[in-house]
Every structure is written in structure tokens, then in C-alpha cells.
Amino acid sequence: MFIQTESTPNPNSLKFILESHEISLHPLEFYKNKSTTNSLLADDLLKIDGVESILFNKNCISVNKSKFTWEQLKASILQVISNHINSGLPTLNNHDELSDNLEGVIYAEDDTKVVNQINSILISKVKPAVMQDGGDIKFIEYNNGIVYLALQGSCAGCPSATLTLKNGVENLLKHNIPEIKKVEEVTK
């Protein structure tokens, strides 16, 4: 199994690309301090000292670090991924978590049309772009013209995150949906 690594705009994040292995249909993020991840692979990666969070995408895993250099961490990460893939075990224990619907998004029933438009633009235009950099954007809430989004994977803590949200996502949404006033980041 060949695993390619690729840098991201975030110096504390690195992408591990598995060309011939599907990790997850939809982005899923896991954090070190969560009690259960529902994934043996995520559990094993988060046990590595210095790994703070991971994001599973279709065929890549973005790993965010808090300390050490990538030279110090990369071999351990590659070994955990290789061992898991070679074991034949599934990446996820529960596929019910995988969804691009609006479950969990907070909004007023009167705003359903606008929320569906926002979600459609995020899925079709924004997510593919940020996934190329090893990240994802999660739609959290819509309230009085304000869209609340959480940055995940390589996007979380990235030096260009504010630029991405304000100049990229906010401008795109405002251009296509007149009801949008601004986009705000929600941190976890």
C-alpha cells in the first residue's frame, strides 16, 4: 500500500493520501480529547503523542499536530495507517455518522429555503475546494442572515482560514443568496 504525503496551507497539518483505498464517503473529524471516535484507525492515530485531530475524507487523512516536527511524527502515522489498512478492518465502526444532510444544523423553519441553498453551495463548491487542502467546512447554524461554519481538518487553525471564510465563502454565499449578511467561524 503506497501512502503519499502532501503539505497543506496549514503548517501544522499534513495530508496522507491513499490512492486505492476509500476511507470515508463524507468528511469526519476526530479529536484527541473525545472519549470515543467510532473508528479504530482514528483511535490509534490519536494515541500518537503530538497528534491533536484527524479528518477522514474520501481517500485521504489530514492529521493536525500540536508539537514535534513532521519528520518526528510521519513514520509513526504512516505505520498506524498501513497496519490498519493491511488488517482488513473497516475504517469506521458505524456508517450512520456519514451524512451531508442538514441534521444538526440550527435554523428557523421559515429559513428552510435559504438553508438548503447555503448547504447546496457548500457541498457543490466550497467543500471540494477545501478538501483539496485536507480540510472541510461544517454548516453549524443560520440565524438572521448570519451563516455559522466550523473549519475542520487542515482548515482548523490555518493562517489563511479567515481569508478563506471572508473573501471566499462569505463572498460566494452573498453573491448567490441575497439574504446572507455575513459568515462567522464557530470554534470547537
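The values are calculated or read from the model by the stated rules, or taken from the named source; none is laboratory data. What you see is a predicted model; the values in this text were computed from it and never measured. Neighbour counts are summed over all protein chains in view; Cβ atoms, including those assigned to glycine, are modelled from backbone coordinates with ideal geometry.
For the reader, a short list of remarks on this structure follows.
- Where a residue in region 8-26 is outside any loop (DSSP other than H, G, I, E, B) and its partner, wherever it lies, is of a type in the set (Asp, Glu), with Cβ under 9 Å and at least six apart: 13/133; 14/6; 15/6; 15/133; 16/6; 17/6
- If the condition is being of a type in the set (D, E, K, R), under 22 Å from the mean Cα position of the chain (by Cα) and modelled with pLDDT of 85 or more, then region 52-96 contributes 52, 58, 65, 67, 74.
- Any hit, region 28-45, residues being farther than 13 Å from residue 134 by Cα, of a type in the set (Ser, Thr, Tyr) and either modelled with pLDDT of 85 or more or outside any loop (DSSP other than H, G, I, E, B) (or both): yes
- For region 120-147, a residue qualifies if it is surrounded by fewer than 16 Cβ atoms within 10 Å (Cβ to Cβ) and of a type in the set (D, E, K, R), and exactly one does: 125.
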